[in-house]
Every structure is written in structure tokens, then in C-alpha cells.
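The values are calculated or read from the model by the stated rules, or taken from the named source; none is laboratory data. This is a predicted model, so every value here is computed, not measured. Here the Cβ is made from the backbone with ideal geometry for all residues, glycine too, and neighbour counts use every protein chain on show. Accessible surface areas use protein heavy atoms only, side chains included; no ligands, DNA or RNA. Shrake-Rupley method; radii C 1.70, N 1.55, O 1.52, S 1.80 Å.
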Amino acid sequence: MNDIDVLLQETRSFPPSAEFKAKAHVHDSRLHDDAGMAPHAFWAREAATLDWMKPWETVCEWTPPRAKWFTGGTLNVSVNCVDRHIHGPRRNKAALIWEGEPGDRRTWTYWDLYREVNLAANMLKRLGVTKGDRVAIYMPMIVESVIAMLACARIGAIHTVVFGGFSPDSLRDRINDCGCKVLITADGGYRRGQTVPLKRNADEALKECPTIEHVLVVMRRRSGVGDETFAEMQEGRDHWWHRLKRQVPKYCEPEEMDAEDVLFILYTSGTTGKPKGIVHTTGGYLTGAAATTKYVFDLKDEDVYWCTADIGWITGHTYLTYGPLANGATCVMYEGAPDWPDKDRFWQICERYGVTVFYTAPTAIRAFMKWGAPFVEKHDLSQLRVLGSVGEPINPEAWMWYHKVIGKERCPIVDTWWQTETGSIMITPLPGVTSTKPGSATTPFPGIKATLLDSQANEIAVGGGLLAITHPWPSMLRTIWGDDQRYVDTYFSKWEGRPDLYFPGDGAKRDDDGFLWILGRVDDVLNVAGHRIGTMEVESALVDHPAVAEAAVVGKSHDLKGQAIAAFVTLRAGFTQSGSLRDELREHVALKIGALARPDDILFSADLPKTRSGKIMRRLLRDIAEGRALGDTTTLADPSVVASLKDQYEAQE
Ligand code: WTA
């Protein structure tokens with residue numbers, strides 16, 4: 001029996017408790033039913049909970065594959081996330097409760113956030129940033145990162161956040177792809193007791209970034225041993241955040257933005273070597289972010305909400321920044337690693353702040369499981385009431401552990417499926433409604449139409465198929481920055497003559513109850529510890545090394561990370577394989593892309609298995625990497641290649 005069949009025999013079902021239901025925002029099927037019948041009316045109602053400067057004329061204009069939402073309407077995202085909370089009872093409410101890895105702590109109220117966002121917006125203006133300009137943000141997990149995003153939104157600048165774990169090369173490519181004018185960074189950040197030298201990495205990247213005029217540098221290390229010497233400042237180009245802040249006015253008039261103006265670009269991996277700049281706009285994105293945060297997490301004013309994602313990923317955008325702040329929530333933000341200084345750090349944080357809603361990734365849950373329940377049991381987690389999971393399929397064992405050890409069999413688990421491109425959660429339980437099953441993301445969010453199709457676009461009622469979204473939704477991507485054709489080709493060309501069908505790149509199964517079980521990517525995109533990495537990106541990084549002639553990269557199952565990277569490499573003449581070359585190649589990839597892309601296995605081979613037309617047979621490489629019996633090899637140009645590879649791989653293991 002294969003994994004999929006095992007998964008689909010999962011019959012355990014967990015309805016919400018009567019107590020939970022009684023207090024939940026949504027406790028019956030009416031929201032799903034009404035939104036199903038009239039999705040535009042549902043989204044319009046959610047959009048109306050935001051503060052608009054000018055009301056929209058049309059809810060949705062859909063000319064497949066182009067959607068516009070709330071056309072004619074104007075608003076400002078920073079006003080919705082900050083200003084509108086300071087006029088009422090939320091003025092002195094904690095907006096962000098922050099904890100640094102070394103143990104420094106600080107709480108920002110909505111009023112504090114308001115002041116800081118205004119100052120930061122004026123700093124950007126002082127550096128010449130105006131509406132429509134691009135600003136790169138390369139930061140540790142500190143509150144200034146959120147402030148920087150909101151400051152961009154306030155003046156209508158487009159931010160592109162680059163994960164702090166990415167290499168200088170990755171930062172450079174992203175800055176150049178969208179032509180950023182300003183970079184906001186920090187001298188450094190903390191991770192597992194080490195300092196991440198962000199400013200030094202940025203300096204390296206900026207050697208080849210002609211569009212950058214200024215760099216704004218937050219001093220993170222002020223609380224520790226650091227001083228201004230940790231970062232070298234380039235006169236005229238670089239400015240300390242804390243100094244410039246003293247020189248600008250305290251209030252910044254928010255820019256009136258069209259609902260369809262771009263809010264941000266976020267790069268994500270696809271099937272080519274070049275990451276895609278996913279473009280999100282203002283009104284629709286914020287509507288999706290705010291509505292899903294409220295309903296999926298059953299978010300209330302008294303909640304203490306903690307999403308553990310880094311702001312460098314879409315989850316950090318939608319569920320650490322925009323969604324919760326639009327709802328006026330209290331959010332926890334933590335800078336560092338879950339096992340620093342010890343493996344109970346997350347539970348210590350949950351206990352200290354009384355976290356009620358906790359949202360993390362399966363890869364983290366599997367690590368907690370491995371570390372063991374005693375680290376959890378040291379702490380009082382009785383305030384928790386909703387648990388979330390995102391980023392990759394959660395296996396039923398990890399789901400059950402989350403349910404029992406963290407949730408004490410009391411907290412509904414919401415397994416949320418979505419993507420950088422979708423902007424907000426698409427398939428998910430609602431905690432007061434859905435009877436969850438371990439491993440299933442269950443059913444589409446109200447107002448979302450998702451289904452399973454075969455390659456001919458026939459609907460699959462029960463069984464496996466390709467996931468498809470059949471109607472537009474407010475927070476959908478609008479294009480790929482600078483490459484609109486790729487937008488059409490990647491997402492709306494899977495089914496011939498059907499530009500109305502969005503293809504996310506995932507396969508899924510539907511069970512007899514109509515529940516969806518996401519199986520993972522069906523393209524050449526890997527999901528390593530919840531991070532999306534293109535096989536081609538890793539291959540390009542490998543062939544960039546002088547010793548490598550050709551490389552093929554595949555994913556293999558991994559207990560903790562979900563998938564691990566296995567690379568098959570042929571060497572150029574004059575180079576010989578060795579353990580040290582293997583280590584060097586692994587480091588080379590880490591240097592080119594970032595540590596998250598470092599391959600687990602590298603196998604040297606005289607040849608790679610190819611079809612007669614010269615295409616690398618990745619399917620066979622995956623079989624080898626996973627130690628499976630080899631599939632059909634008859635189409636290979638030289639079947640002996642793969643047999644010898646398999647022997648070598650097994651010898652290496
Ligand atoms: C995968 C992260 C199964 C999926 C928000 C998707 C999931 C990709 C789930 C997007 C889930 C995300 N169950 N798989 N609950 N959530 N995925 O863009 O393959 O970093 O296409 O967005 O992660 O990754 P991205």
C-alpha cells in the first residue's frame with residue numbers, strides 16, 4: 001500500500017467542542033453556504049470591514065486570467081493596520097510583543113506602532129522614496145521589519161522583503177529584478193547564538209546593484225555587545241535608522257492608494273532557475289488577509305496570537321503583519337531559533353505571554369516531536385485554544401502529536417493550504433465548524449472555489465487529481481513582476497483553452513466526505529522544511545562551480561524536513577570526486593542561494609540517465625534517491641547508467 005492510500009484510510013475525526021463552538025465567530029455552515037452561493041457578496045462584506053477613503057464601484061472584474069478587485073476604491077494599508085486602532089479602546093493595546101533571541105524583550109502598543117510607522121515613512125521620504133518606488137527589506141525578525149513594511153505601505157512604496165537567510169547573490173538578484181531604490185537592513189541579527197552579518201552581506205550584494213541609492217540600517221546589536229562598528233557605513237549612501245529618525249517630522253500623511261495599486265512583491269521559487277516576483281495589490285490582498293485571519297484563527301480582541309513564520313516568507317507577510325494588525329490583534333514576534341538556548345524556547349514564550357493562537361509549520365512540529373514531550377510539559381500551555389499548521393503536508397502522526405501534546409486534545413487544529421501566489425489561506429478548516437481529520441486541509445475557505453481536475457479539466461469527485469481554483473479571489477497574485485507572460489503560462493495555461501482555471505502546482509486527493517488531502521508539488525519545486533526551492537535553482541548553483549559539468553537535483557523524503565535535496569553531479573575533465581569536493585559543492589550552493597538550499601546528498605556520476613532526446617530522467621533519480629525499485633527504464637538512451645548510479649548511491653548510504 002502506498003503512502004496516499006494509507007493517508008486516505010484515516011478515519012479519525014475531531015469535531016470542535018461544544019464549548020469552543022459556543023464562543024466561535026463561526027459555528028455552523030451558513031458562512032460557507034452563503035459565500036458559496038454569492039462569493040462576491042461575501043468578499044464585499046469583508047472588504048467593508050476595512051477603512052476606505054473612497055468606496056469601490058465594482059467588486060470584481062474578471063477577464064480571465066485577469067482579475068481586479070474593488071475597482072475605483074481607495075485606501076491605505078497602514079491606516080487599516082495602525083491608525084484606525086488608535087482612536088478607540090485599542091490605542092494602548094499591545095500590538096507586538098517582541099522577544100529577541102538573546103532574551104531582550106519589548107512590547108509596542110498600537111500607539112507606539114503608529115508613531116514609529118509615521119517616522120519610518122518620513123525617513124523613506126527623506127531618502128527620496130515616492131509612490132511606486134521599490135524598497136528592499138533584508139532584516140532579522142525585529143519589530144523594525146514590520147514597521148518598515150507598514151512605512152512603505154503608508155507612502156505607497158512597494159516593498160520586497162528578502163529572507164535574512166538568503167545569500168548576498170540572492171539579495172542582489174531580487175533587488176535588481178525589481179530595481180529597488182532603497183534597501184532597509186540591520187547591522188545583524190541573532191540566530192542560534194550566532195550573529196548573522198546582514199549589513200556585510202548587503203554590502204557584498206550592493207557591489208552589483210546600480211539602482212540602490214540609499215541604505216537605511218537598523219542597529220540591532222545595541223542591546224548586546226555591539227556598537228556602530230559592526231557595520232561599515234558608506235558615507236552618503238548609508239544611514240543609521242535611529243539617527244535619521246531624530247531628523248524627520250513625526251506625522252506622515254498616508255498616501256491614497258487605488259485598490260489595485262501594488263502593495264508588495266515577494267520572490268518565490270518556480271520551475272526555472274530564476275525566482276518569480278509575485279505581485280500583490282492593496283484592497284483585495286488586505287481583504288483576504290483580514291478575513292482569513294479572523295475566521296481561520298477565530299481571532300478575538302483578547303487573543304495573544306503567535307505566527308512563528310519569518311517575515312521573509314508570505315506567511316510572515318499575511319499572518320504576522322497584515323492580517324493580524326488589520327484585525328487589531330496582539331501578536332507575538334520572536335527573533336531566533338526554537339532550540340535556543342534550549343528546546344523549550346517556544347513553550348517558554350507561549351507560557352510567558354499566554355499565547356492563545358499558535359501557527360507554525362509541520363517541519364517544526366516534527367522537530368518538537370523528536371525532541372520529546374518533556375520540553376513541552378515543563379510549561380503551562382493552558383491558554384492555547386487554536387493551533388495552526390502551514391507550508392507543507394502534515395503527516396497524521398505529527399498532527400496527532402500536535403493535538404495531544406501541545407493542544408491537550410482541547411484545541412482545534414487548522415491545517416491551512418495556500419501559497420505565496422494566493423496571498424491568503426485557501427483550503428482550511430474553520431475551528432468552530434469543521435470536524436477535522438489528521439492530515440487533511442479539509443475544504444475551501446468561504447468564497448473560495450477549489451476543486452480537483454484531471455488533465456482534461458474533468459472534475460474528480462473522489463480520488464486523486466490536480467488542484468485547481470476555478471474562480472478569482474481578492475488576494476490572488478496579479479502578475480509576475482517584469483514577466484507577465486510567465487504569469488499566464490505558469491498559472492493559467494495548464495488546461496487548454498481554459499484561462500479561467502488557476503493551477504497552483506499541487507496534487508491532491510478528495511475523500512468520500514469531500515475533504516481535500518494535499519499531496520504536494522507535481523512540478524520541479526521542492527518543499528524543504530516548508531521552504532520552496534526550485535530544483536533548477538540548485539542545479540544552476542552547482543554548475544556554477546568550476547568542477548561541475550552537469551547536475552540534476554531531486555527531492556527525497558526526509559523525516560524532519562519533509563523533503564531533502566539530493567543532487568547528482570558529473571564532473572569536468574581534470575576533477576576527481578572526493579569527500580572534500582562533496583563538502584565544497586554543498587557549501588557552494590549554500591553560498592550562492594542560502595543555507596536552506598544546501599543539498600543533503602551529492603552523488604558523483606560519470607553520466608546522468610537521459611532519454612534518447614537528451615532529457616534527464618528525474619523520476620529515475622528520485623527512485624534512486626529514495627531507494628525504491630527502479631521504474632521503467634526502457635526509454636533511456638543507456639540503461640546501464642542508471643543501474644550503476646543505483647549501486648553507487650546504495651554504497652554511499
Ligand atoms: C505547500 C506557503 C500541504 C504546497 C504558505 C504549496 C502545503 C506550497 C500546505 C506553497 C498545507 C502549503 N498542506 N501543502 N497546509 N501549505 N503547502 O509559496 O505545495 O511558500 O504549493 O507558501 O507549500 O509554498 P509557499
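Could you go through region 558-566 and let me know if any residue there is in a strand (DSSP E or B), within 16 Å of the ligand (Cβ to nearest atom) and farther than 26 Å from residue 648 by Cα. No, region 558-566 contains no residue that is in a strand (DSSP E or B), within 16 Å of the ligand (Cβ to nearest atom) and farther than 26 Å from residue 648 by Cα. Please state which of the following conditions residue 615 fails to meet, knowing it meets all the rest: (1) over 36 Å from the mean Cα position of the chain (by Cα); (2) open to solvent by 50 Å² or more (accessible area, probe 1.4 Å). Going through the list (1) over 36 Å from the mean Cα position of the chain (by Cα); (2) open to solvent by 50 Å² or more (accessible area, probe 1.4 Å), residue 615 breaks only (1). The number of residues in region 569-623 being over 18 Å from residue 634 (Cβ atoms) and not in a loop (DSSP other than H, G, I, E, B) comes to 25. It is to be established whether one or more residues within region 537-550 are in a strand (DSSP E or B), within 16 Å of the ligand (Cβ to nearest atom) and more than 26 Å from residue 440 (Cβ to Cβ). Looking for residues that are in a strand (DSSP E or B), within 16 Å of the ligand (Cβ to nearest atom) and more than 26 Å from residue 440 (Cβ to Cβ), one finds none in region 537-550, hence no.
Table: residues versus (1) on the phi > 0 side of the Ramachandran plot; (2) charged (D, E, K, R); (3) in contact with a His (Cβ under 9 Å, 6 or more places away or on another chain).
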site: 33; (1), (2), (3): no, yes, no
site: 36; (1), (2), (3): no, no, no
site: 46; (1), (2), (3): no, yes, no
site: 65; (1), (2), (3): no, no, no
site: 96; (1), (2), (3): no, no, no
site: 107; (1), (2), (3): no, no, no
site: 125; (1), (2), (3): no, yes, no
site: 129; (1), (2), (3): no, no, yes
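In region 510-523, the residue that is surrounded by the fewest Cβ atoms within 10 Å (Cβ to Cβ) out of those that are away from the ligand (no atom under 12 Å from the Cβ) and among the charged types (D, E, K, R) is 512. Among the residues of region 167-186, just one is in a loop (DSSP other than H, G, I, E, B) and crowded, with 23+ Cβ neighbours inside 10 Å, namely 180. Entry remark, region 329-357: residues being out of contact with any Asp or Glu (no Cβ under 8 Å at 6 or more places or on another chain) and more than 28 Å from residue 188 (Cβ to Cβ) number 1 in total.
Of the candidates 120, 48, 95, 35, the single residue that is out of contact with any helix residue (DSSP H, G or I) (no Cβ under 6 Å at 6 or more places or on another chain) and among the aliphatic types (A, V, I, L, M) is 48. Filtering region 63-82 to residues that are open to solvent by 20 Å² or more (accessible area, probe 1.4 Å) and not polar (S, T, N, Q) leaves 64, 66, 68, 72, 79. Taking region 89-166 as the region of interest, the strands (runs of 3 or more DSSP E) fully inside it that hold 3 or more residues being under 25 Å from residue 281 (Cα atoms) are 134-138, 158-161.
In region 447-467, which residues are away from the ligand (no atom under 16 Å from the Cβ), of a type outside the set (D, E, K, R) and either under 23 Å from residue 316 (Cβ atoms) or assigned to a loop (DSSP other than H, G, I, E, B) (or both)? If the condition is that a residue be away from the ligand (no atom under 16 Å from the Cβ), of a type outside the set (D, E, K, R) and either under 23 Å from residue 316 (Cβ atoms) or assigned to a loop (DSSP other than H, G, I, E, B) (or both), then 447, 455, 456, 457, 458, 460, 461, 462 are the ones that fit. Using the structure shown, decide if residue 305 is open to solvent by less than 10 Å² (accessible area, probe 1.4 Å), closer than 25 Å to residue 435 by Cα, modelled with pLDDT of 95 or more and within 13 Å of the ligand (Cβ to nearest atom). Taking the combined requirement at face value, the residue does not satisfy it. If you go through region 185-223 and keep only what is within 22 Å of residue 123 (Cα to Cα) and acidic (Asp, Glu), you end up with 187, 203, 213.
With the condition kept exactly as written, say whether any residue in region 326-338 is closer than 29 Å to residue 42 by Cα and assigned to a helix (DSSP H, G or I). Checked against the condition, which is being closer than 29 Å to residue 42 by Cα and assigned to a helix (DSSP H, G or I), region 326-338 yields at least one hit. Any residue in region 468-487 that is charged (D, E, K, R) and crowded, with 19+ Cβ neighbours inside 10 Å? Yes: region 468-487 contains one or more residues that are charged (D, E, K, R) and crowded, with 19+ Cβ neighbours inside 10 Å. Within region 491-535, the set of residues being on the phi > 0 side of the Ramachandran plot, part of a loop (DSSP other than H, G, I, E, B) and modelled with pLDDT under 95 comprises 529, 530. Condition check for residue 607 on (1) open to solvent by less than 60 Å² (accessible area, probe 1.4 Å); (2) in contact with a strand residue (DSSP E or B) (Cβ under 8 Å, 6 or more places away or on another chain); (3) modelled with pLDDT under 95: one failure, at (1).
Answer yes or no as to whether residue 7 is farther than 27 Å from residue 488 by Cα, at pLDDT 95 or above and either in a helix (DSSP H, G or I) or under 26 Å from the mean Cα position of the chain (by Cα) (or both). Against the criterion (farther than 27 Å from residue 488 by Cα, at pLDDT 95 or above and either in a helix (DSSP H, G or I) or under 26 Å from the mean Cα position of the chain (by Cα) (or both)), residue 7 does not qualify. Within region 283-324, the residues that satisfy the criterion of being touching a residue at least 60 places away in the same chain (Cβ under 8 Å), farther than 20 Å from residue 165 by Cα and among the aromatic types (Phe, Trp, Tyr) are 285, 295, 297, 322.
Would you confirm whether or not region 140-147 contains a residue that is open to solvent by 10 Å² or more (accessible area, probe 1.4 Å), polar (S, T, N, Q), more than 17 Å from residue 481 (Cβ to Cβ) and in contact (Cβ under 8 Å) with a residue 12 or more places away in the chain? Within region 140-147, none of the residues are open to solvent by 10 Å² or more (accessible area, probe 1.4 Å), polar (S, T, N, Q), more than 17 Å from residue 481 (Cβ to Cβ) and in contact (Cβ under 8 Å) with a residue 12 or more places away in the chain.
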